[in-house]
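Below you'll find the structure, written out as structure tokens, and then a few comments.
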Amino acid sequence: MSALLNRFAAWAQRAMPTHQQMAQSRWIPANVLQRDLWRFNRRSVPRGVALGVLVGILLPFAQIVFSAVLCFTVRANVPVAALTTFITNPFTTPLIWAFSYKVGGVVLHVDSRAGGAIDKVFSTMDLWQVLEWITAEGKVLAFGLVVVAVVSASISYLVSGLLWRNWVAHKRRVSQGKVAA
């Protein structure tokens, strides 16, 4: 488990934008570039993970920018939040949206006719009918996205906090010579 965490930490360090790269962006406000928001500690990392998941699921565009700006408000780690926005990508977004539509339908108790709406969209080629469906079913999808985003962010906060704690405890045991690296 620790080898997997070490590999992930090494990959994340290579993949994350640096402080200097973010400073060069004209879209990032100067207050987001404070050094406290770039330190890795037990509070800022889980906050960054949760914020990145929340923004990644809710916003289909400019996710890194929004997550970086929101990091200032909750004192989250900017690079971690930016990295975790990639939970949504061209491969996962359709799955997340389909799941969110189902969750929204279940939570809002949409009748069984809505279950066939997705098949109807894929079977039709008329753009007007697709637009009518999107406006009629968009509320279900939007509500489902909010529910999935909040639940996913909460779970990711708890899991990343536990992983961070275990990783630090393992490093402490290794440094004290109680466990082989």
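A short reminder: the numbers here are calculations on the coordinates, not readings from a lab. These numbers come from a predicted model, not from an experiment. Cβ coordinates were reconstructed from backbone atoms using ideal geometry, including for glycine residues, and neighbour counts include every protein chain displayed.
For the reader, a short list of remarks on this structure follows.
- Added length on full extension, which subtracts the Cα-Cα distance from 0.36 nm per residue, A3 to F61: 17.5 nm
- Gain upon complete extension [T92, L108; 0.36 nm per residue less C-alpha separation]: 3.4 nm
- Each Lys and Arg Cβ is given +1 and each Asp and Glu Cβ -1; about its Cα centre, segment 33-103 then shows a dipole of about 280 debye.
- Segment 36-105: chymotrypsin sites (Phe, Trp or Tyr not before Pro) falling in loop per DSSP and having at most 12 other Cβ within 10 Å: F61, F91
- For segment 76-81, putting each phi into the Karplus relation 6.51 cos²θ - 1.76 cosθ + 1.60 with θ = phi - 60° gives couplings of 9, 6, 5, x, 5, 5 Hz, in residue order, rounded to whole numbers and with x for Gly and Pro.
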